[in-house]
1. Can you tell me how many residues in the range 31-57 are of a type in the set (D, E, K, R) and open to solvent by 100 Å² or more (accessible area, probe 1.4 Å)?
2. Just a yes or no: is a residue in the range 15-23 more than 23 Å from the chain's Cα centre (by Cα), touching a residue at least 12 places away in the same chain (Cβ under 8 Å), over 30 Å from residue 136 (Cα atoms) and open to solvent by less than 90 Å² (accessible area, probe 1.4 Å)?
3. Restricting to the range 102-155, and then to whatever is of a type in the set (Lys, Arg) and either modelled with pLDDT under 85 or open to solvent by less than 80 Å² (accessible area, probe 1.4 Å) (or both), can you tell me which residue is nearest to residue 25 (Cα to Cα)?
4. Among the numbered conditions (1) under 19 Å from the mean Cα position of the chain (by Cα); (2) surrounded by 12 or more Cβ atoms within 10 Å (Cβ to Cβ), tell me where residue 75 comes up short.
5. Between 112, 96, which is assigned to a helix (DSSP H, G or I), within 35 Å of the chain's Cα centre (by Cα) and free of Cβ contacts under 8 Å to residues at least 60 places away in the same chain?
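The values are calculated or read from the model by the stated rules, or taken from the named source; none is laboratory data. On a predicted model such as this, the values are computed, not experimentally measured, just so you know. Note that each Cβ is placed from the backbone with ideal geometry, even for glycine, and that neighbours are counted across all protein chains shown. Note: areas computed on protein heavy atoms with side chains; ligands, DNA, RNA excluded. Shrake-Rupley method; radii C 1.70, N 1.55, O 1.52, S 1.80 Å.
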Amino acid sequence: MSLFHRAKTVLEEKANAAINNAEDPGQAIDLSEEKLNELLEQAENAMVDHRSATNQLAAQLAQLKEQAKKRAEQAQKAVDQNQDDVAEQALELKKQVQAQIDALEPQVKAMQADDAQLVANVKALQQKVAGFHAQAAVMKAEWGASKASDQVSSAVAGMGERAGDINMML
């Protein structure tokens, strides 16, 4: 009976060790951290891309406003020089440019508001990721301590059982 008991104990120890070696919460935590970092990087890149698009539209809007100003100046010069047909053409071109400005301004304002929201969202995500990193370090340390404690407990239990087996043999 003692032989079967010892064999059972040895098999349990080996199976437990194999499972413990196969299961590594530290690796799972590392993988989670890696995926969070990738998501954060994607969010930051999306924010930068959006901001670039917003800046391009804002620059286009500024150019259109400059064109409208030039057309108004051309029209005024033409009126001053009694060139009504040239003034009329300049005012018609200014009107077309102003229509583009009127269409573009709300888009730029909406994109600027979206930029502000994206910045806030990315900052919140950065804080969550930083919190997870800190929590992950604690979890890894706790897991390491638990694993060491389990190893000590297993060793002590194994020594106790073996001492009992040795006493029975004597």
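1. 5
2. Among the residues of the range 15-23, not one is more than 23 Å from the chain's Cα centre (by Cα), touching a residue at least 12 places away in the same chain (Cβ under 8 Å), over 30 Å from residue 136 (Cα atoms) and open to solvent by less than 90 Å² (accessible area, probe 1.4 Å), which makes the answer no.
3. Among those residues, the one meeting the criterion is 140.
4. The single condition residue 75 does not satisfy is (1).
5. Answer to the check: 112.
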